[in-house]
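Engineer: First the structure, which I've put down as structure tokens, then a few questions once you've had a look.
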Ligand SMILES: Cc1cc2nc3c(=O)[nH]c(=O)nc-3n(C[C@H](O)[C@H](O)[C@H](O)COP(=O)(O)OP(=O)(O)OC[C@H]3O[C@@H](n4cnc5c(N)ncnc54)[C@H](O)[C@@H]3O)c2cc1C
Ligand SMILES: Nc1ncnc2c1ncn2[C@@H]1O[C@H](COP(=O)(O)O)[C@@H](O)[C@H]1O
């Protein structure tokens with residue numbers, strides 16, 4: 001039987017959505033081989049209680065490793081645990097989320113297994129004996145079709161690229177002991193600073209409203225925050241000009257050196273549309289741009305552009321969105 | 001400190017790429033090349049560590065065909081002391097094959113710190129650095145947006161997560177991959193460019209590992225519909241809302 005392993009990710013005691021996406025992607029491969037998907041969940045004591053839900057998108061079994069030393073990201077012990085599980089289970093491949101933590105783990109796992117890997121893939125399939133995947137290269141301007149002939153195969157999947165399908169199913173949960181001492185890792189995460197935890201994450205929000213330098217000052221981000229709130233399901237992003245000036249934290253930055261996002265709707269306010277910014281958002285389904293310069297490059301990718309002053313247009317848009325949602 | 005920094009030569013991204021005949025690579029005609037962005041940050045970080053920490057030696061390593069000599073000279077003109085060119089006819093896409101060649105060169109080099117870019121801007125695998133660390137058995141921190149190794153035997157770093165950041169501590173020697181935020185690369189000075197001509201640039205064959213990951217085809221992503229300006233000023237808002245409801249169906 002040709003089974004696949006998906007790696008789940010927990011933060012602050014909760015399973016992150018990217019875990020379901022990894023299981024969904026592994027399930028695509030397992031369906032082609034007639035095998036099963038198992039998941040591996042590593043976390044602080046108590047995380048096992050959340051594991052069965054990974055069955056909803058197709059995992060039949062979840063292996064859980066609990067340890068205090070997994071409360072914060074522990075790359076050495078976690079990648080060792082993943083590689084051990086892959087070997088013990090004889091999996092044909094392992095799928096990780098291409099999240100901040102997943103991108104840190106996947107290459108370590110691949111090297112431990114002595115194989116190459118495909119990172120941040122947006123499609124995944126079996127083609128004969130090989131696993132094939134799509135991987136955006138050259139800042140998303142070119143799509144490379146990748147063939148992996150190594151066994152096991154290691155892949156990380158781009159957040160948002162694999163929509164979890166859910167069915168009412170639960171996975172069998174098996175708690176296993178860590179192989180070595182997870183507290184003995186040389187690299188130690190000493191703390192996590194979280195911004196606003198209630199905030200929708202940029203990778204998960206169906207709508208993103210991004211403010212650029214055109215907003216002129218940190219306090220004017222109230223404008224885009226109000227618009228995001230009017231949509232109800234929106235997160236606020238920023239350009240590098242803005243994070244460089246400290247108006248918003250670096251973790252809000254969208255682009256080549258920030259987050260890669262692909263929401264249903266992307267609203268760019270006072271954003272010029274530099275290629276490094278476009279690299280992070282050009283795959284959004286619908287793009288709206290509000291900019292006072294009609295020559296701004298952002299209008300080249302905008303499905304709907306409004307040439308105008310953000311300070312005049314955005315409050316009106318916020319009002320209209322609120323009204324539209326109230327009338328639904 | 002004795003520091004190594006691995007740099008890759010990549011095309012300038014500010015162009016519209018074409019796919020080469022054969023369909024599995026980008027057409028290189030007319031492309032300009034330079035050090036990959038994050039590798040520039042890594043090179044700058046290496047220089048600053050030694051400038052602030054009382055000296056040392058920085059070696060830049062680049063794997064690729066003869067043309068990478070130019071990129072290594074640029075690193076030398078920034079102030080890097082030595083360069084090593086690991087010669088290969090072409091750079092494979094498989095990060096593990098590259099990692100094995102870099103690890104073979106780095107092993108036994110007695111480096112206190114080995115720096116990489118967070119990712120190469122062309123293949124974007126984000127994998128070579130941590131793979132080298134595993135091959136050498138060294139501790140590794142990826143995507144550091146802050147780095148402090150002033151304590152010499154230990155270091156601390158910050159990493160950006162989705163909506164959060166984390167701080168890490170690690171012992172040296174170590175491998176660190178550099179995100180932006182650590183340091184903006186300096187421009188080579190005229191003096192630097194002159195000095196670079198006399199600095200050592202050693203050329204050796206690359207001991208690439210076996211390739212198990214290949215690019216079979218490359219294609220351009222579907223073009224977005226050409227941009228459309230629907231109106232000017234606040235007067236355009238009702239039309240925008242209508243389109244978001246009826247056409248984009250997001251409201
Ligand atoms: C290696 C590298 C990596 C980079 N990575 C990133 C990245 O990840 N993300 C990123 O965003 N950038 C990145 N950049 C920076 C990028 O090149 C641009 O400098 C940046 O995106 C510009 O941000 P901006 O659009 O907010 O500012 P600007 O380019 O200054 O644009 C401001 C816009 O606001 C408009 N405007 C002004 N006033 C108003 C008003 N009242 N109403 C409406 N519109 C108004 C202006 O017409 C202008 O178009 C990177 C650069 C480099 C070199
Ligand atoms: N051909 C190469 N020569 C030297 N360093 C490289 C090469 N390819 C990748 N690297 C290093 O590995 C990092 C990550 O590359 P990648 O895994 O391709 O995203 C780069 O930022 C470089 O520091």
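The values are calculated or read from the model by the stated rules, or taken from the named source; none is laboratory data. Just so you know, these numbers come straight off a predicted model, no measurement behind them. Using ideal geometry, Cβ is built from the backbone for each residue, glycine included, and neighbour counts are taken over all protein chains shown.
Engineer: State whether one or more residues within the stretch B:15-36 are more than 19 Å from residue B:195 (Cβ to Cβ), assigned to a loop (DSSP other than H, G, I, E, B) and in contact with a helix residue (DSSP H, G or I) (Cβ under 7 Å, 6 or more places away or on another chain).
Structural biologist: Scanning the stretch B:15-36 turns up at least one residue that is more than 19 Å from residue B:195 (Cβ to Cβ), assigned to a loop (DSSP other than H, G, I, E, B) and in contact with a helix residue (DSSP H, G or I) (Cβ under 7 Å, 6 or more places away or on another chain).
Engineer: Ok, one more. Do any residues in the stretch B:1-14 that are farther than 25 Å from residue A:255 by Cα and within 14 Å of chain A (Cβ to nearest Cβ) have Cβ atoms under 8 Å from those of residues that are modelled with pLDDT under 95 and more than 10 Å from ligand 2 (Cβ to nearest atom), where the two are at least six apart or on different chains, and which pairs are they?
Structural biologist: Short answer, once both residue conditions are applied: none.
Engineer: Shifting gears a bit: Condition first: in contact with a strand residue (DSSP E or B) (Cβ under 6 Å, 6 or more places away or on another chain), buried (at least 18 other Cβ atoms within 10 Å of the Cβ) and closer than 22 Å to residue A:244 by Cα. Now tell me which residues in the stretch B:157-177 satisfy that.
Structural biologist: Once the filter is applied, which keeps residues that are in contact with a strand residue (DSSP E or B) (Cβ under 6 Å, 6 or more places away or on another chain), buried (at least 18 other Cβ atoms within 10 Å of the Cβ) and closer than 22 Å to residue A:244 by Cα, the stretch B:157-177 yields B:157, B:158, B:159, B:160, B:164, B:165, B:166, B:177.
Engineer: Would you confirm whether or not the stretch B:48-57 contains a residue that is under 23 Å from residue B:203 (Cβ atoms), away from ligand 1 (no atom under 16 Å from the Cβ) and outside any helix (DSSP H, G or I)? Steps first, please.
Structural biologist: First pass over the stretch B:48-57, keeping only residues under 23 Å from residue B:203 (Cβ atoms): B:57.
Restricting the remaining residues to those that are away from ligand 1 (no atom under 16 Å from the Cβ) gives B:57.
Subsequent filtering for residues that are outside any helix (DSSP H, G or I) retains B:57.
Looking for residues that are under 23 Å from residue B:203 (Cβ atoms), away from ligand 1 (no atom under 16 Å from the Cβ) and outside any helix (DSSP H, G or I), one finds at least one in the stretch B:48-57, hence yes.
Engineer: At least 1 residues that are within 15 Å of ligand 1 (Cβ to nearest atom) and under 19 Å from residue A:290 (Cβ atoms) in each: list the strands (runs of 3 or more DSSP E) lying fully within the stretch A:179-243 that qualify.
Structural biologist: So the answer is A:207-211, A:234-238.
Engineer: Could you check residue B:129 against (1) under 27 Å from residue A:104 (Cα atoms); (2) in contact with a strand residue (DSSP E or B) (Cβ under 7 Å, 6 or more places away or on another chain); (3) more than 14 Å from every other protein chain (Cβ to nearest Cβ) and say which number it fails?
Structural biologist: (3)
Engineer: When the residues of the stretch B:112-127 are narrowed to those that are more than 15 Å from ligand 1 (Cβ to nearest atom) and part of a strand (DSSP E or B), which ends up surrounded by the fewest Cβ atoms within 10 Å (Cβ to Cβ)?
Structural biologist: Result: B:113.
Engineer: Additional query: Looking at B:102, B:72, B:63, which one is crowded, with 24+ Cβ neighbours inside 10 Å, within 9 Å of ligand 2 (Cβ to nearest atom) and in a helix (DSSP H, G or I)?
Structural biologist: B:102
Engineer: Which strands (runs of 3 or more DSSP E) does the stretch A:63-174 wholly contain that include 3 or more residues that are within 7 Å of another protein chain (Cβ to nearest Cβ) and under 29 Å from residue B:170 (Cβ atoms)?
Structural biologist: Hits in the stretch A:63-174: A:117-121.
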